[in-house]
Amino acid sequence: MSSTARAPIGIFDSGMGGLTVLAALRDALPGEDFIYLGDTARLPYGTKTPATVQRYALQATAALAARGVKAVVVACNTASGLALDEVAQHHAPLPVYGVVLPGASEAAAVADATGVLVLATESTVKGGAYQRALLAANGRLKIHAHACPLWVTLAETGSQSNALVDTILRHDIPTGHPRTVLLGCTHFPVFRRQLEEIFPATCFVDSASTTASWVAADLAQRRLLNQRDAGQVTFLATDGVERFRRVGGHFLGQEIRAVELVDL
Ligand code: DGL
């Protein structure tokens, strides 16, 4: 195994939501070490302009590259939609993976004639990356896209199942919506169980597991897989490390012991 294959995989998000993607990556790649960076000081990315999101994404990737990662996963949907090409070009030949294409291809594969409803941040919806990726997968697909800014705040505060959350989830998914709903934001999978209870006939798709299998397949092809038994995760955040440690466990589905404070 090469020394590059033994290096960790970098993953970043604007906050803790990307831990849902990290959880899927750890399931798919148990032998890998990961460095997870949450840019909590500058969250949310989902209301920022493309130029700002691109600058933040380049800085986050540079911080991970400086720690010697062998690949970067842009877990943030907003950054994947608005900055993936810039990040990949700037850091070539480092493999850089986003979450938009995997999520869109899965949603397009399961969609019926009612089409797909994309739920995401304001900037992701406005940027149109999901709409373009869905149309590229199936040019006849009916696509609706809707921003759900409150969901990020609710998820970040650790509120997952109460009457207020229930009201907001129902409000943001209109009656008569398409059968397939694409959760195009890192934070939304934390509501998945509740959503499936409220809308039992709806097929919810999120990018986490599809992204993890795309990353696993591509690293295998590049002979960059780490063959060890159990990998480690290092957690970095740009603010509020104690809160990250406490609330992040909800997203990851397991306890986080230590988080290092970093400046980008
Ligand atoms: N991580 C962002 C995303 O997936 C959501 C949170 C934010 O707005 O920064 O789009």
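The values are calculated or read from the model by the stated rules, or taken from the named source; none is laboratory data. Every value quoted in this text rests on a predicted model; they were computed, and no experiment measured them. Using ideal geometry, Cβ is built from the backbone for each residue, glycine included, and neighbour counts are taken over all protein chains shown. Surface areas here come from the heavy atoms of the whole protein model, side chains and all, with no ligands, DNA or RNA. Shrake-Rupley method; radii C 1.70, N 1.55, O 1.52, S 1.80 Å.
Taking His171 as the residue in question, decide whether it is within 28 Å of Gly128 (Cβ to Cβ) and open to solvent by 80 Å² or more (accessible area, probe 1.4 Å). Considered against the rule, which asks whether it is within 28 Å of Gly128 (Cβ to Cβ) and open to solvent by 80 Å² or more (accessible area, probe 1.4 Å), His171 comes out as yes. Do we find a residue being among the hydrophobic types (A, V, I, L, M, F, W, C) and closer than 30 Å to Ser2 by Cα anywhere in the range 152-167? Checked against the condition, which is being among the hydrophobic types (A, V, I, L, M, F, W, C) and closer than 30 Å to Ser2 by Cα, the range 152-167 yields no hits at all. Taken as a whole, the condition of being in contact with an Asp or Glu (Cβ under 8 Å, 6 or more places away or on another chain), of a type in the set (A, V, I, L, M) and open to solvent by less than 30 Å² (accessible area, probe 1.4 Å) does not apply to Leu82.
The number of residues in the range 188-205 that are in contact (Cβ under 8 Å) with a residue 40 or more places away in the chain and open to solvent by 20 Å² or more (accessible area, probe 1.4 Å) comes to 3. Filtering the range 32-51 to residues that are crowded, with 24+ Cβ neighbours inside 10 Å and touching a strand residue (DSSP E or B) at 6+ places or on another chain (Cβ under 6 Å) leaves Glu32, Tyr36, Leu37, Gly38. Within the range 154-170, can one find any residue that is in contact with a strand residue (DSSP E or B) (Cβ under 9 Å, 6 or more places away or on another chain) and away from the ligand (no atom under 12 Å from the Cβ)? Looking through the range 154-170, none of the residues is in contact with a strand residue (DSSP E or B) (Cβ under 9 Å, 6 or more places away or on another chain) and away from the ligand (no atom under 12 Å from the Cβ). Residue-level analysis places Leu117 outside the set of residues that are surrounded by 17 or more Cβ atoms within 10 Å (Cβ to Cβ) and out of contact with any Ser or Thr (no Cβ under 8 Å at 6 or more places or on another chain). Does the range 19-27 contain any residue that is open to solvent by 30 Å² or more (accessible area, probe 1.4 Å) and either more than 15 Å from the ligand (Cβ to nearest atom) or not acidic (Asp, Glu) (or both)? Yes, because at least one residue in the range 19-27 is open to solvent by 30 Å² or more (accessible area, probe 1.4 Å) and either more than 15 Å from the ligand (Cβ to nearest atom) or not acidic (Asp, Glu) (or both). Return yes when Cys185 is hydrophobic (A, V, I, L, M, F, W, C), more than 16 Å from the ligand (Cβ to nearest atom) and either open to solvent by 80 Å² or more (accessible area, probe 1.4 Å) or touching a residue at least 12 places away in the same chain (Cβ under 8 Å) (or both) and no when it is not. Answer is no for this residue.
If you take the residues of the range 134-154 that are part of a helix (DSSP H, G or I) and under 16 Å from the mean Cα position of the chain (by Cα), which of them is surrounded by the fewest Cβ atoms within 10 Å (Cβ to Cβ)?
The residue in question is Thr153.
Any residue at all in the range 52-61 that is touching a strand residue (DSSP E or B) at 6+ places or on another chain (Cβ under 9 Å), away from the ligand (no atom under 14 Å from the Cβ) and either under 18 Å from Leu25 (Cα atoms) or at pLDDT 95 or above (or both)? Yes, the range 52-61 has at least one match. When you scan the range 213-222, do you find a residue that is within 13 Å of the ligand (Cβ to nearest atom) and out of contact with any Asp or Glu (no Cβ under 6 Å at 6 or more places or on another chain), even just one? No, that holds for no residue. I need a count of the residues in the range 39-87 that are aliphatic (A, V, I, L, M), free of Cβ contacts under 8 Å to residues at least 60 places away in the same chain and within 24 Å of Leu183 (Cβ to Cβ). The total comes to 5. Candidates are the residues of the range 105-124 that are assigned to a helix (DSSP H, G or I), touching a residue at least 40 places away in the same chain (Cβ under 8 Å) and hydrophobic (A, V, I, L, M, F, W, C); the one that is nearest to Pro189 (Cα to Cα) is Ala107.
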